[in-house]
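What follows is a short report on a single structure.
The values are calculated or read from the model by the stated rules, or taken from the named source; none is laboratory data. Being a predicted model, the structure only gives us computed values, none of them experimental. In this analysis, Cβ positions are derived from the backbone assuming ideal geometry, glycine residues included, and neighbour counts consider all displayed protein chains. Remember, those area values only see protein heavy atoms, side chains included, never the ligands or the DNA or RNA. Shrake-Rupley method; radii C 1.70, N 1.55, O 1.52, S 1.80 Å.
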Amino acid sequence: MASYRPLWEPEFWEDELPPWPCPNCERGNLRIIQESLFLQRDASSSAMIKEDGFHPDYSFGRFSCMLVCERCDTPVAMVGNYQSHEHSTRDGITERRTLKPLSMIPGSPLMALPPSIPKDAAEAMRESFTAFWGDRGGAANRLRISVERILDAEAIPPKGTLNDRIAEFGKKHPDMERSLHALRHVGNVGSHEGDAGREELLDAFEVYQEWLREYYGKYREHIKELAEKLVAAKGKY
């Protein structure tokens, strides 16, 4: 999920919602309930239109709508900004809008969470997904908390800094340590500066996704087992 960046562009055409996965079942995609879509022009937008007449580029403001999972009917609330654009078609000039989400409750999962991840670490990440759209600093902070919960589950004493705890974890798992430090740095930026870069967060989600898959899913061992199975069967079960 996190590695497919076009899925998480900051804005999209009103009639082209990306195939965001459901935050509940994660198997179905979300769709906009069209009758729930509400748009309200900004005061400055209305003033320009009143003075100069309507033009699509002058029309902008806020929107709200409900999304629903096509598979399990889970509802999701979304609000943000919209911007109209002049759009040429075979039939002439029309208006087309882009939507820029600033809040999605609950947030679509931006990375896969394995079933075996500690419950409170998973919950912190779901909070990070929700915060991602309007509070990247909060999203980075929740990522950091998720790492802390992983270390709690691994019985790393909750004393000292997160850097110290990761180093302690690394004594038993040296090949798994550096990725946690990468996540720590992103979390620190969010916690100390109150913001975090969009690309840095998506990179961190991708790193964490693969770390979790390796540590809890034993991915390399799984692939080795599959390879041995195929060799033993000479490519045919």
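Per residue, the chain exposes 56 Å² of solvent-accessible protein surface, assessed with a 1.4 angstrom probe and all protein chains in place.
Values of log10 I(q)/I(0) for the range 1-136 across q = 0.12, 0.16 Å⁻¹ run -0.55, -0.86, by the Debye formula with one identical scatterer at each alpha carbon and no solvent.
Once the gyration tensor of the Cα atoms in the range 48-124 is diagonalised, the equivalent ellipsoid follows with semi-axes of 38, 15, 11 Å, ordered largest first. Taking the Cα centre of the chain as origin and assigning +1 to Lys and Arg Cβ atoms and -1 to Asp and Glu Cβ atoms, the resulting dipole is close to 940 debye.
If I take all pairs of Cα atoms in the chain, what percentage of them are more than 32 Å from each other? Result: 36 percent of Cα pairs exceed 32 Å. Per-residue ellipticity at 222 nm from helix content only, as computed over the chain with -39500 (n - 2.57) for each DSSP H run of at least four residues, stands at -14000 deg cm²/dmol. Of the GluC sites (Glu not before Pro) found in the range 1-39, the ones in coil according to DSSP and having at most 14 other Cβ atoms within 10 Å of their Cβ are Glu11, Glu16. Per atom type, the chain shows carbon and sulfur on 51% of its accessible surface, probed at 1.4 Å. Think of the range 160-237 as having a plus end and a minus end, set by charges on the Cβ of Lys, Arg, Asp and Glu; of Ile223, Gln209, Ala233, Ala233 sits farthest toward the positive end of this dipole.
Counting other Cβ atoms within 10 Å, keep those with at most 12, restrict to DSSP loop, and tell me which chymotrypsin sites (Phe, Trp or Tyr not before Pro) in the range 1-86 are left. Those satisfying the criteria are Tyr4, Phe54. Computed from the Cβ-Cβ distance with R0 of 25 Å, the FRET efficiency linking Asn29 to Asp195 stands at 0.25.
In this simple spin-label model, placing a label point 7 Å from the Cα along the Cα-to-Cβ direction at both Glu16 and Ala233 gives a separation of 4.1 nm. Charging the Cβ of each Asp and Glu at -1 and of each Lys and Arg at +1, and nothing else, the dipole of the range 62-200 about its Cα centre rounds to 20 debye. Ranking Arg41, Arg142, Arg5, Arg165 from most to least accessible surface, computed with a 1.4 Å probe over the protein chains only, gives Arg41, Arg142, Arg5, Arg165. The count of lysine pairs in the chain that are at least 8 places apart or cross chains, and whose C-alpha atoms lie under 26 Å apart, stands at 16. Extension gain, Cys72 to Asn163: 0.36 nm times the residue separation minus the Cα-Cα distance gives 28.7 nm. Expressed in units of 2.2 N^0.38 Å, where N is the residue count, the Cα radius of gyration of the range 185-237 is 1.84.
With the charge dipole of the chain set up from +1 on Lys and Arg Cβ and -1 on Asp and Glu Cβ about the Cα centre, the Cα lying farthest toward the positive end among the listed residues Ala167, Pro18, Leu37 is that of Ala167.
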